[in-house]
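Following: one structure in structure tokens, then a few remarks.
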Amino acid sequence: MDRKDAEARIRQLRGEILEHRRRYYGEDAPTISDYEYDMLERELRSLEELFPEFRDPSSPTRTVGGARSKAFLPVAHPVPLLSLENAFGEEEVAAWHARLARVLGRDPGGFVCELKLDGLSVALRYRNGVLVQGATRGDGLVGEDITANLKTVESVPKTLADGPADLVVRGEVFLPLDDFQTLNEERQESGLEVFANPRNAAAGSLRQLDPGVTASRPLAVLVYQVLRTSGGEPATHRETLERLHGWGFPVDSNWRGCGSLEEVLEFCRHWTGRRHELPYDADGVVVKLDDAGLRDRAGATARSPRWAVAYKFPPERAHAVVERIEVQVGRTGVLTPVARLDPVTVGGARVSNVSLHNQEEIRRKDVREGDTVVLERAGGVIPYVVRVLPEARPVLSRPYESPKACPVCRAPVRRTEGEVALRCTSRSCPAQIKEGLRHFASRGAMDIEGLGRVLTENLVDRGLVRNVAGLYSLTKGQLEALPRMAARSAENLLGQIGRSKEKPFEKVLYAVGIRLVGAETARDLASAFPSMKALMEAPPEALQEVEGVGPKVAGEIRAFFEVGENVSLVRSLEAAGLRMRREEAGEGPLGGLTFVLTGSLPGLPRSRAKEALEGLGARVGSSVTRQTSYVVAGEDPGGKLERARKLGVPVLGPEALAALLAGDLKPVGRGGGGA
Ligand code: IVH
């Protein structure tokens, strides 16, 4: 490449990198994969080395990514939150090791290897053992003040066990893979844009203007660095991790001390093969020099320390041919285009379908039938299409056209304002009924075993069931007449359907499938409203007093009950004998009272405290509402304590709870009264 081309390419790369950083950090919505981004940075770095005349201190190779949003107050970090240099492959780790040995003038000795969590870097500041501030990394020097949001993260300690007077630590906030999947499924069904990967979901959840939204996402933190302490610097990194653990911070247990480069590489190899076994997303291994004195000698550049390196796991990719693009219809009518692939193995899993999410995504990536696509397993679990290989496109290919009608019932489709999804407009669409039945029967709802995919198909296609209430009028004769249904299985299924009538009101509320009302929200609604009738009549303001219910969820609840068919469905379910009100106060000294537990209770696991309270007739809820009688706050209580104070709900400490359970303390108030 000559000078002129190099200059042009450098300029282009700088622009592209800055744009990708803005999408990744600013919008939590990247449009290329992490690996592709890393390769752009790498190309720029090598061009800047080859053509030093074009070096520029403001080049993205010299700065730490991460813009700040004006929505949050700026926080100057007491110690810069540096980035890490990346190593792709073992040779690059070895090269880093050799360079470190040269700088130190000796064998570097011991290292600590940790997993590189793919989340959002945060700094937490404690004064006299109390959390006073939490911030994002931002550009490394100045971050965003997200204290209120971080306080809602359960594993962020709010107080420390005898920590130093002044302490700033750094850690990673992330969304465990299971929770990520659930969140995306809910968003998909609600017609909202899905998060590309757990990291974006975590970042999007944490950088919320409303801490209530953050609180509703099951974020977690793991802490790995002391940025500043008034209590004397630890001499080694192992000691840092031990101290952090002792003060009460969650520390990832998958770290290992490694005495040599070979052991370091062994750790990298081990986790490259096992990354899918982790409950969270890791994108590599961080290798850190153990000895603090040597770290100081090695020093840092403006961007990253010389004493550490990030070994990046190789991307898990494969090429696959899109045989067809089909459209699936979900429970709430959302149309999801799915690419049917000639099966390939990526990241150890066989993949034959991949969701294309929505029309907008297909348009952006221009995916067509017959195309060869690059697949990547992001977040370790869900494969997705990174891009199309244009050179492999068949000559006669045509752009994909989104359906004008529901592929199942032919009803027109519509896009609701503010949503990316198309929806089928029919209420009697068989696909929606089938998915609705499967949801109704699922484990977390009415838990009707044996009502699998084939059976639901048969029931709906033969017109035996037109809505979920239809299940309760099925007869043995009807079931026996279905293919592959023996007398015995028909009886079992009827038994299961009959038993489902015993399910509590909260399960029924979840099972009927109101948009945006998940299992947790249904439970909270059921503890705030005693019956379906009360819920039907509740104005939006009353609904919004329930935790996790904002204007959108409240709007969906109202919209559900405004549809005549839904109201008659609820009536039919009631007539079938399902519970439409919560069980009234249990007998016992605490009957009629609702408790919410927060924080850890010394010597009493939460499940036991719950059992004991219920044994005395109380109800134990999961969120604080005006209807809550008492909040029991243990150590490190979460945002629930603050909410209790705000709503004026009386708060009991662990001793008061013990006295209550022992019968030494008598509650005076009922349903919201004082202690
Ligand atoms: S140490 C100066 N340890 O990786 C050393 N970082 O590319 C600072 N990360 O921004 C980082 N897991 O957000 C360190 N165990 C770990 C990590 C970790 C994830 C992130 C961190 C940092 C990025 C660097």
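Note on the range 214-317: enclosed helices (runs of 4 or more DSSP H) holding 3 or more residues that are of a type in the set (Asp, Glu) and more than 13 Å from the ligand (Cβ to nearest atom) are 261-274. State all residues of the range 407-422 that are touching a residue at least 60 places away in the same chain (Cβ under 8 Å) and either among the aliphatic types (A, V, I, L, M) or closer than 13 Å to GLU326 by Cβ (or both); if no residue qualifies, say none. PRO407, VAL408, VAL413, VAL420, ALA421, LEU422 - these are the residues of the range 407-422 that are touching a residue at least 60 places away in the same chain (Cβ under 8 Å) and either among the aliphatic types (A, V, I, L, M) or closer than 13 Å to GLU326 by Cβ (or both).
Just to be sure I understand, how many residues within the range 623-675 are among the β-branched types (Val, Ile, Thr) and either at pLDDT below 75 or open to solvent by 30 Å² or more (accessible area, probe 1.4 Å) (or both)? Qualifying residue count for the region: 2.
Can you confirm whether the range 441-449 contains a residue that is open to solvent by 30 Å² or more (accessible area, probe 1.4 Å), among the β-branched types (Val, Ile, Thr) and modelled with pLDDT under 95? The answer is no, given that none of the residues of the range 441-449 is open to solvent by 30 Å² or more (accessible area, probe 1.4 Å), among the β-branched types (Val, Ile, Thr) and modelled with pLDDT under 95.
State whether the residues of the range 274-281 include one that is modelled with pLDDT under 95 and farther than 19 Å from LEU222 by Cα. Yes, the range 274-281 contains at least one residue that is modelled with pLDDT under 95 and farther than 19 Å from LEU222 by Cα.
On the stretch given as the range 441-471, residues that are in contact with a Leu (Cβ under 8 Å, 6 or more places away or on another chain) and not in a helix (DSSP H, G or I) total 7. Where helices (runs of 4 or more DSSP H) sit wholly within the range 487-580, those with at least 1 residues that are of a type in the set (Val, Ile, Thr) and surrounded by 14 or more Cβ atoms within 10 Å (Cβ to Cβ) occupy 487-499, 505-511, 519-528, 551-562, 564-575. When the residues of the range 201-213 are filtered to those that are of a type outside the set (A, V, I, L, M, F, W, C) and within 21 Å of ALA29 (Cα to Cα), which remaining residue is farthest from the ligand (Cβ to nearest atom)? Here the residue is ASP210. Taken over the range 77-104, the criterion of being out of contact with any helix residue (DSSP H, G or I) (no Cβ under 9 Å at 6 or more places or on another chain), more than 8 Å from the ligand (Cβ to nearest atom) and in a loop (DSSP other than H, G, I, E, B) is satisfied by HIS77, PRO78, VAL79, PRO80, GLY89. In the range 93-102, the count of residues that are surrounded by 18 or more Cβ atoms within 10 Å (Cβ to Cβ) and under 30 Å from GLU193 (Cβ atoms) is zero.
Is at least one residue of the range 293-306 farther than 30 Å from GLU435 by Cα, β-branched (Val, Ile, Thr) and either in contact (Cβ under 8 Å) with a residue 12 or more places away in the chain or touching a strand residue (DSSP E or B) at 6+ places or on another chain (Cβ under 9 Å) (or both)? Looking for residues that are farther than 30 Å from GLU435 by Cα, β-branched (Val, Ile, Thr) and either in contact (Cβ under 8 Å) with a residue 12 or more places away in the chain or touching a strand residue (DSSP E or B) at 6+ places or on another chain (Cβ under 9 Å) (or both), one finds none in the range 293-306, hence no.
Within the bounds of the range 167-176, is there any residue that is in contact with a helix residue (DSSP H, G or I) (Cβ under 7 Å, 6 or more places away or on another chain) and either surrounded by fewer than 22 Cβ atoms within 10 Å (Cβ to Cβ) or basic (Lys, Arg) (or both)? No: the range 167-176 contains no residue that is in contact with a helix residue (DSSP H, G or I) (Cβ under 7 Å, 6 or more places away or on another chain) and either surrounded by fewer than 22 Cβ atoms within 10 Å (Cβ to Cβ) or basic (Lys, Arg) (or both). Residues in the range 352-373 that are closer than 30 Å to TRP271 by Cα, touching a Pro at 6+ places or on another chain (Cβ under 6 Å) and surrounded by fewer than 19 Cβ atoms within 10 Å (Cβ to Cβ): 1 in all. Checked against (1) buried (at least 20 other Cβ atoms within 10 Å of the Cβ); (2) under 36 Å from the mean Cα position of the chain (by Cα); (3) more than 25 Å from ARG571 (Cβ to Cβ); (4) among the hydrophobic types (A, V, I, L, M, F, W, C), VAL454 passes all but condition (1). Within the range 68-76, identify whether any single residue is within 16 Å of the ligand (Cβ to nearest atom), assigned to a loop (DSSP other than H, G, I, E, B) and either modelled with pLDDT under 85 or open to solvent by less than 70 Å² (accessible area, probe 1.4 Å) (or both), and answer yes or no. For the range 68-76, residues within 16 Å of the ligand (Cβ to nearest atom), assigned to a loop (DSSP other than H, G, I, E, B) and either modelled with pLDDT under 85 or open to solvent by less than 70 Å² (accessible area, probe 1.4 Å) (or both): present.
For GLU587, state whether it is assigned to a helix (DSSP H, G or I) and either open to solvent by 60 Å² or more (accessible area, probe 1.4 Å) or out of contact with any His (no Cβ under 8 Å at 6 or more places or on another chain) (or both). Answer is no for this residue.
The values are calculated or read from the model by the stated rules, or taken from the named source; none is laboratory data. Just so you know, these numbers come straight off a predicted model, no measurement behind them. Note that we place each Cβ from the backbone using ideal geometry, even for glycine, and neighbour counts take in every protein chain shown. The area values use the complete protein model at the heavy-atom level, side chains included, leaving out ligands, DNA and RNA. Shrake-Rupley method; radii C 1.70, N 1.55, O 1.52, S 1.80 Å.
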